[in-house]
Amino acid sequence: MEEEPPPAEPRSQRFVLWLHGLGDSGRANEPVAGYAFAGARWAFPTAPTAPVTCNRGMLMPSWFDIHDTPITSKSARDEADVLRAVERVHAMIDQEISAGTRPEDVFIFGLSQGGALSIASVLLYPKTLGGCAVFSGFLPFGASFASRVTAEAKKTPVLWVHGRADFLVPIEAGKDGTKFLRGRLGMRCELKVYDGLGHELAPYELQYCEQWAAGGGGGSNDDPGTRSVDRGVPRTRRSCSCGFGFFSRS
């Protein structure tokens, strides 16, 4: 009779799973790891290629279908497609935990479509994870999914970062998402708003995320006034054409 292999030794290192936006790739997003969470292990998967309705059926990397833009809480949702994408993310998380990473050291982050998939994956995962960060994202399913969220999943802290100058996923989508998480689910969710930020990812967002994950976040700033960037932080940004991917340095 063969003996079962011993369980994997626990890993103390943080693991960050980064989910890119529509039309982008994991490899193109790898520089994100250079801005925050030094010493963490990062993974940058690429979405499968699929036709995207809002882009007239064009084939491109996409976690799930998007029907139209701008995206609001009232936009049509392909929830079955979202659930298939969630299953893929859950398989990645399961693999990491099976290899010895503690659930509390697993962080799921994403931008735009990737941010939407990040929060969906965390809400539907049966364990409490280290945290979830949604950058310029949206909830990809309706309120009926509240019944699927377990008590353990509700314990995962969430950071939602959004810009007031975002016209592809307007700030209202971020406010509606955090309202759902806080009010309907009773979750810990901080909404971080930047006045001058569009549908893009800036280094100061990632650096604030690291501060938040360490427990040093400044709390909710749903009405931050005129604050747009942190002093002393480089202004180099990774900006999106089309708002979902195709990152370029500026």
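The values are calculated or read from the model by the stated rules, or taken from the named source; none is laboratory data. Predicted model only: the values in this text are computed from it and were never measured. Note: ideal-geometry Cβ built from the backbone for every residue, glycine included; neighbour counts use all protein chains shown. With ligands, DNA and RNA removed, areas are computed over all heavy atoms of the protein, side chains included. Shrake-Rupley method; radii C 1.70, N 1.55, O 1.52, S 1.80 Å.
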Checklist line | Surface share of carbon and sulfur [accessible, 1.4 angstrom probe, percent] for segment 15-215 | finding: 52 percent
Next item on the list: Report GLU30's accessible area, 1.4 Å probe, all protein chains in place, as a number in Å² to the nearest 10.
Entry: 100 Å²
Notebook entry, point to check: What whole-number value in Å² describes the accessible area per residue of segment 15-215 for a 1.4 Å probe?
Noted result: 37 Å²
Item checked: Amide H partners (placed H, <5 Å) of ALA133, local residues excluded -> ILE108, PHE109, GLY110, LEU159
Check: Listed highest first by mean packing, meaning other Cβ atoms within 10 Å per residue, what order do 50-56, 31-37 come in?
Finding: 31-37, 50-56
